[in-house]
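This report refers to the structure that appears directly beneath it.
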Amino acid sequence: MSWFAISALEVALGLVCVGLVIVLLRSRKTKRRFQVLADVAAVSESTTSLGESFDAICAILVPELGDFCMIDVIGEDSVRRVAVGVGPGAPPGFESRLRRRTPSTPGWMLSESASEKRLAPRFIERMGEADLRRLAHDDDEDLEFLRGAGIRSAITVALKARGKVTGTLTLVVAWSGRRYSREAEEFTRILGGRVALTLDNSGLFADLERAERARAEIAETLQHGLLPPPLPDIPGWSLAAMYRPAGAENEVGGDFYDAFRVAGGWMLVIGDVTGRGAQAASITALARYTLRTAAILTNDPLVALATLNRALLTRPETSLCSIAALALSEDPGRPVRIAVAGHPPPLLVDGDVVSEAATADPVLGAFGDVEWELSEQMVEPGQQLVLVTDGVTEASGRQGRFGEGRLRGELAGARNPAHAVQRLEGALHSFTEGALDDDAAILALARGGELRVPVLAAAAGVVGDLSE
């Protein structure tokens, strides 16, 4: 091998080593930054006052991200410095002077107009004399103080909480010899959002009890308004259902079912929406009443799904909803029309045999150019259709997940809808030891219903009949 070939190989190996070192250093920097974000997020859980939260955040940021930092709060007519963090190597008396200094807050962060610009950071990559003069107040003493700090770079980001700029965070490097880059500016913007959220949470400690009472009252009102309605009496059909919200009784869940009259028959739907609490309540209400309106006007499950999909896509935040819709004819001898969007397909129970009655198409709220298929399923005497939300199959217990196999095993041999729902509800309760970690809903139907013996199981959440 020639000398030139060996030299080229050495150069190539050297470049590879340099590349590996750069990747390793970037990986370590990214890991440290994620740790900073995690530590800031945990502050509100470990402090009992807003002042302690300010100091704890400064201790996290300095000297990891800067030689010193300041947190300032924007009031109605003034800006107040509430916290300072100073790392090793600061000039004598620097920290006390920094605490007393009036903040040099960017003017655009104080303006009520141009809200997007208010959130733009002030980034000074290389601090020069002109920058120091802009930051200094109208006296030579303040200018000399800034010069004496030896500032090299500085970043100020807005702290926005509940739609309002409530303060600023400033990070500065000086005596350590470091300098901020554009990458650091972007990270500090993200950091500012995390700091604002943490401080907002900390500041609400004094109002926590009052806010919790108000939240509970609102949630209870929403819960009562969104509970599934009583199942209607549908001639020629037997129905049963169960609904179980996870958590406290006043916690609004994301699962629902509904049954309502349409032209020429009935529509049954069961669904699950993203989120919990107020978010789930708003999506659940939108889903139920959009489906009702579209189905009543068209008697077409596909039109109902498409209408709800468009409504979900217009929401500012991502709102997903899985739905299974069944259209029943007034003649029980005709097939049930089924449309499924991202939901567990209906199961056809025929004695000991349990099989899927349809296939699942994409979830609602995710795509604008998707189509759903309409399938048909005959329900012969002695057969039944059972629908469940994934809160049933995904339920957790000591043995792991409840699962599809256990679901089918419990349904095999069920005599009628009420029997199927009761068996499944009992198995779910035993498996989870009464502690559901997600909402659960079950809806079952079969031909029949002439002999009606009411089920006294309202407290258990099961409604239906025991007709054979």
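The values are calculated or read from the model by the stated rules, or taken from the named source; none is laboratory data. These numbers were taken from a predicted model, which means no experiment stands behind them. Reconstructed Cβ throughout: ideal geometry from the backbone, glycine too, with neighbour counts over all protein chains shown.
Miscellaneous remarks
- The residues on offer are Thr359, Thr298, and the sole one that is touching a Pro at 6+ places or on another chain (Cβ under 8 Å), surrounded by fewer than 20 Cβ atoms within 10 Å (Cβ to Cβ) and polar (S, T, N, Q) is Thr359.
- Tallying residues that are surrounded by fewer than 23 Cβ atoms within 10 Å (Cβ to Cβ) and farther than 21 Å from Arg80 by Cα within region 150-173 yields 4.
- Flag for Arg81 being assigned to a helix (DSSP H, G or I), assigned by TED's automatic domain parsing to the domain that holds Glu185 and not β-branched (Val, Ile, Thr): no
- One residue alone among Leu197, Leu143 is surrounded by fewer than 19 Cβ atoms within 10 Å (Cβ to Cβ) and free of Cβ contacts under 8 Å to residues at least 24 places away in the same chain, and that residue is Leu143.
- Taking residues in region 47-58 that are of a type in the set (Phe, Trp, Tyr), and partners anywhere that are surrounded by 20 or more Cβ atoms within 10 Å (Cβ to Cβ), the pairs with Cβ atoms closer than 8 Å and at least 6 places apart or on different chains are Phe54/Ile71; Phe54/Ala83; Phe54/Leu199.
- Residue in region 31-38 that is in a loop (DSSP other than H, G, I, E, B) and either within 22 Å of Val173 (Cβ to Cβ) or at pLDDT 85 or above (or both) present: no
- Residue in region 355-374 that is within 24 Å of Arg415 (Cβ to Cβ), free of Cβ contacts under 8 Å to residues at least 40 places away in the same chain and touching an Asp or Glu at 6+ places or on another chain (Cβ under 6 Å) present: no
- Leading residue by the ranking (farthest from Ala295 (Cα to Cα)) among those in region 339-374 that are among the β-branched types (Val, Ile, Thr), out of contact with any strand residue (DSSP E or B) (no Cβ under 6 Å at 6 or more places or on another chain) and part of a loop (DSSP other than H, G, I, E, B): Thr359
- Looking across region 117-140 at every residue that is in a loop (DSSP other than H, G, I, E, B) and either touching a helix residue (DSSP H, G or I) at 6+ places or on another chain (Cβ under 9 Å) or of a type in the set (Val, Ile, Thr) (or both), the one that is surrounded by the most Cβ atoms within 10 Å (Cβ to Cβ) is identified as Met127.
- For Gly333: the one exception among (1) in a loop (DSSP other than H, G, I, E, B); (2) modelled with pLDDT of 85 or more; (3) within 24 Å of Ala395 (Cα to Cα): (3)
- Members of region 176-208 found to be at pLDDT below 75 and not in a helix (DSSP H, G or I), listed by number: Leu204
- Here Lys160 passes the criteria (1) of a type in the set (Lys, Arg); (2) touching a helix residue (DSSP H, G or I) at 6+ places or on another chain (Cβ under 7 Å); (3) in a helix (DSSP H, G or I) except the one numbered (3).
- Close pairs from region 389-405: first more than 11 Å from Ile442 (Cα to Cα), partner among the hydroxyl-bearing types (Ser, Thr, Tyr) and part of a helix (DSSP H, G or I), Cβ under 8 Å, at least 6 apart: Ala395/Thr432; Ser396/Thr432; Gly397/Thr432; Arg401/Thr393; Phe402/Thr393; Phe402/Thr432; Gly403/Thr393; Glu404/Thr393
- If the condition is being under 24 Å from Gly89 (Cα atoms) and in contact with a strand residue (DSSP E or B) (Cβ under 7 Å, 6 or more places away or on another chain), then region 129-173 contributes Asp131, Ile151, Arg152, Ser153, Ala154, Ile155, Thr156, Leu169, Thr170, Leu171, Val172, Val173.
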